[in-house]
Each structure stands twice: as structure tokens, then as C-alpha cells.
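Where a number appears in this text, it was derived from the coordinates with a stated rule and is not lab data. These numbers were taken from a predicted model, which means no experiment stands behind them. Quick reminder, even Gly has a Cβ in these numbers, built from the backbone with ideal geometry, and neighbours come from all protein chains shown.
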Amino acid sequence: MRRGLLRSVRQCSLQGSIVSRNRRCLTSIPSGFTDSSPHVKFPPCAVSVSSPNAIDASALKVTKTSKPMELVPKDKLVFGRTFADHMLEVDWDSKKGWRAPVIRPFGDLSVSPAASVLHYALECFEGMKAYKDASGCVRLFRPALNMARFNHSLARMYMPAVDGPTFLSLLRELLLLDEHWIPEGDGYSLYIRPTAISTTRYLGVGAPEEVKLYCITSPVGPYYATGFKPISLWADTHHVRAWEGGTGDAKVGANYAIAIMPQMLAAQHGCSQVLWMNRDTASGAYNLTEVGSMNLFVLIKDAVTGRPQLITAPLTRADVLPGVTRASILELAESMDGVDVKEACLSLQDVAKASAEGRLMEIFGAGTAAVVAPVNSIKYADESGTVKTVNVPSGGDAGPTAKKLWATITDIQYGRVDHPWSVKL
Ligand SMILES: *Cc1c(COP(=O)(O)O)cnc(C)c1O
């Protein structure tokens, strides 16, 4: 069985651009492959799903498409609208466990209209990217952290766990088969969307008995084709994205469904994203949590020492998503000169005060899609309903700290510097 898997790897590689690929790329994902970050950590779950078996990567069946789709020209790529030829699919049920994994042509799913994903949002997902480096190798960025987070989200949906290295070796097969769908060049990548849905045919609100795990991919162009585009934020004092004890620390679809309408409100206020906050009822402080679907960083001069501090919301209340980009920024910034790094609550009031006192330096979002997204202004309604604006001094561009972090991370992702965070497939 192992040999079958290896054979299909070779076929995939041959179908891809083996000529341009450095032989050293042809490694496999070792079992036990891992990565750790102090900033992507999850508390153990008190209950968990027991599965009759684990996924068997060696049982993979590959059905190649007979109608390859036409590649979309690089300059015509729109995020999330184009999909590569193949997808990965693995079904699970509580009695028989995981079935043989399948790679098949990209296409619609057939699910029962009673499937509990459609009624009770039993769904979770991941977001990661494959990058092509200058020598044609395919690279992932800290994929083991995505696997750890995927398992946290799966556990929160009471779905069975997925062995990270097994999933990554199946993903590797998919990526090598669709290698020509990974656009080459700076800023280009193939967005990867692992997904799990409950296909259980049951209108009762209950534990998933049938789950479909699948993965689709989508070629994407550079987020910043013509330089950084700063975003403006609407600080929503009414709607809350996540709260202590909620699902803010899991990548579950339900978190995003409730974010769309507030996003439209932000647009009505002329802002491009929502600044999510969580009000501390005791102090009345609106603590900043995230921006749109990115983590948030604020660079502020300390009121006493005058030293720049890079601050992001802590994970302790589980109301922010433990981003891989967030973790990487924290780890990189810790070794940067001239900046202190802090995971701490920071309120809208704190930011307004820092701005008034000339201590506000930079604000940016952080996530896989953009790496960093500089913020140029925050609008909010004060107690009397008057709309106020906080302007960020770096204004129409990214500030020096955001720029430096962006350059460091993208250099690692595209293999321009050697770093253990970048995993060659
Ligand atoms: C995915 C996501 C992020 C960013 O996580 P990365 O791993 O850095 O891509 C941040 N916040 C939310 C709400 C997200 O869904």
C-alpha cells in the first residue's frame, strides 16, 4: 500500500514541472512532523470524539480529471473565485470511521437537505497557502500550526480529530497533482481551504454521526499589487464577534456568518473593515480584539518610558483566533531592536488617548491573505452618538514596523531566506 502512495507521488511530480524542480523538494511529510509556537496553543478538550480508526493515507485513490480546466491568466485572478482541477475528500462516520481518502476532479458535493451543517452550522475550516520558490519548489508556511488549529476547531464542533502529518501528506499529493495551478512569482500563491462539514441526516441538534472532510485550492494573486493599501475601520460598539467562552478561538463558519451584516454597516460608514471589540462591563472599556478576519496589532509609545510597544490581544479569553501570522509576528518582533512586545488588553479609549497624546505609531491587521494590512483610520460613535475619527500617523502607507515584518515573513514564505518555518514539499 505504501508503494502505491509513493508511485502516485512520482506520477504527480512527473505531471507537474519536474524539470524545474530541485530534487531536494521530493521529501515526504514524516509522521510526527510538527512545529510549535507559544502563541498557537489550545487548552485540552474535556470531551472528545472517539473514532474507530485513523485516516490511512496509503489507501489514497486518485482519479485524475479528464477535462482539465483552463488556467486563468495571472492578472485576472480574483481571490476565491477560481479553483484548481482537483480536490481531496475523506468521509467519516461514527460506526466505520474514516474511509479511504480520495483525490478527484473538483466538483459539487451531494449532501442531504437534512445535513446538520445546513441547519446548525456544524462546520470548520482552515486557511493556508502554497508558495512556489525561485527554484520551482512548492512550500508551505508553518503547516503544523494550521493542523493544530484545525484539530481545535474540529474538537469544538465535536468532530473527530485528524492526524496532522497524515493530512499534510494527502495535501502534498493534491498540491503536486495540481502544481501547475500554483502561480509563480512574487505575491502569487495557491490558497488552500481544508474544510469539515457534518453531513449527518438528522434535524435533531446532536453530535455529528457523518462528517465530510475535504480540501479545495484556489490560485491567488498578490494582495498588494501596487503597494500597500491601508484600510479604514469602523469600531462597532454594538455587535460582538466573539466573547469569553464562545468560539472566537476556533475557525468555525458560524463566526463569519454573524460578521457579514456588521461589515455592511462598516461600509455604510465609509469604512472598509469592522474593528471588533469586547466591552469590559466593569470598566466600560471597549477592548480591541480583531479586525475583519485578521488579528490586530497596535504600535504605541509607552506613556512612561516612551518606548514603542507592539500590542495584540491576549489569547486568554478565547475571543481572538490564534493566527499563524500573529504567532509569527510575535516571535519575530520579540527579537527586533527598539520594540517591546506585549499580549495585553488595549481599549478603543487607550488608542484614542494615545493618539491625542501623539503616542500612536502604527496599527495593522495580520493574517495569511495579506500578511499585514496597515490601518489608516478608526471611526467610532461616542456615547452621544457623534462619529469621531482616530487617524493613524503612518497614514497612506504601511509604517516601518509593519513593512519590516511583512518583508521578513514573505522572504521566508517564498524561500528567499532559509528558515525552518518554510516547509518544502
Ligand atoms: C484566519 C483568521 C485569522 C488569521 O489567521 P492566520 O493563521 O494568520 O491566517 C485571524 N482572525 C480570524 C478571525 C481568522 O479567521
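Structure values in brief
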{"quantity": "Inter-label distance, nm, simple model (7 Å from Cα along the C-beta direction), HIS269/SER135", "calculated": "5.0"}
{"quantity": "Mean Cβ count within 10 Å, highest first, over the residues of peptides 225-231, 87-93, 237-243", "calculated": "87-93, 237-243, 225-231"}
{"quantity": "Gyration tensor verdict on the stretch 214-372 (Cα atoms; rounded if a/c is under 1.5, prolate if a/b is larger than b/c, oblate otherwise)", "calculated": "rounded"}
{"quantity": "Whether the stretch 182-236 is rounded, prolate or oblate, judged on the alpha carbon gyration tensor where a/c under 1.5 counts as rounded", "calculated": "oblate"}
{"quantity": "Mean residue ellipticity (222 nm) of the chain, computed from DSSP H runs ≥ 4 via -39,500 (n - 2.57), nearest 500", "calculated": "-6500 deg cm²/dmol"}
{"quantity": "Extension gain from VAL72 to SER50, taking 0.36 nm per residue of separation minus the Cα-Cα distance", "calculated": "3.7 nm"}
{"quantity": "Distance violations [Cα-Cα > 18 Å] among LYS76/LYS251; LYS229/LYS342; LYS129/LYS251; LYS76/LYS404", "calculated": "LYS76/LYS251; LYS229/LYS342; LYS76/LYS404"}
{"quantity": "Surrounding net charge for ALA352, when Lys and Arg each add one and Asp and Glu each subtract one, Cβ distance under 13 Å", "calculated": "0"}
{"quantity": "Packing-based order for 215-222, 278-285, 192-199, 349-356, using average beta carbon neighbours within 10 Å, highest first", "calculated": "192-199, 215-222, 349-356, 278-285"}
{"quantity": "D_trans [Stokes-Einstein, Kirkwood Rh over alpha-carbon pairs] for the stretch 278-335, 20 °C, 1.002 mPa s, µm² s⁻¹", "calculated": "167"}
{"quantity": "Among 134-146, 400-412, the order from most to least packed when residues are scored by Cβ within 10 Å on average", "calculated": "134-146, 400-412"}
{"quantity": "Fluctuation leader among ALA370, ALA303, ALA155 - the chain, Gaussian network, Cα springs under 10 angstrom", "calculated": "ALA303"}
{"quantity": "Shape category assigned to the chain from the gyration tensor of Cα positions, a/c cut at 1.5", "calculated": "prolate"}
{"quantity": "Gaussian network model of the chain, springs between alpha carbon atoms under 10 Å - residue of ARG307, ARG172, ARG149 with greatest fluctuation", "calculated": "ARG307"}
{"quantity": "Cleavage-rule hits (GluC sites (Glu not before Pro)) in the stretch 335-425: DSSP loop, at most 16 neighbouring Cβ within 10 angstrom", "calculated": "GLU357, GLU383"}
